[in-house]
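Student: Could you have a look at this structure, given as structure tokens, before my questions?
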Amino acid sequence: MRRSPFLAVLLLLAACSEQSYSVDQLTADEALLSRIMAECRNNPGELRGSANCQNAEAADGKLRLEKMRKALGG
């Protein structure tokens, strides 16, 4: 019975300890972007609404547009 509050606190701390990356950080580090995109795609039910997944989607879209612009000579 005494373990329940302790476990709840540990779970809250674990949830809050995840570092959030900005779109600019993810755009600059494609390896990190790929890792986060893979995590988000492997667990969309839990991670879809997380800040990292949303920022990773935005960074991925930004990089795709930049690559298309370069391919078209712009």
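Student: Consider only pairs whose beta carbons are under 6 Å apart and that are at least six residues apart or on different chains; among these, list those whose first residue lies in region 45-74 and is closer than 13 Å to residue 34 by Cα and whose second residue is exposed (fewer than 12 other Cβ atoms within 10 Å of the Cβ) and modelled with pLDDT of 95 or more.
Tutor: none
Student: Given the conditions (1) modelled with pLDDT of 95 or more; (2) surrounded by 12 or more Cβ atoms within 10 Å (Cβ to Cβ), report the number of the one that residue 31 does not fulfil.
Tutor: Going through the list (1) modelled with pLDDT of 95 or more; (2) surrounded by 12 or more Cβ atoms within 10 Å (Cβ to Cβ), residue 31 breaks only (2).
The values are calculated or read from the model by the stated rules, or taken from the named source; none is laboratory data. Just so it is clear, the structure is predicted and the values come from calculations on it, not from any experiment. Cβ sites come from the backbone with ideal geometry, for glycine too, and all protein chains shown count toward neighbours.
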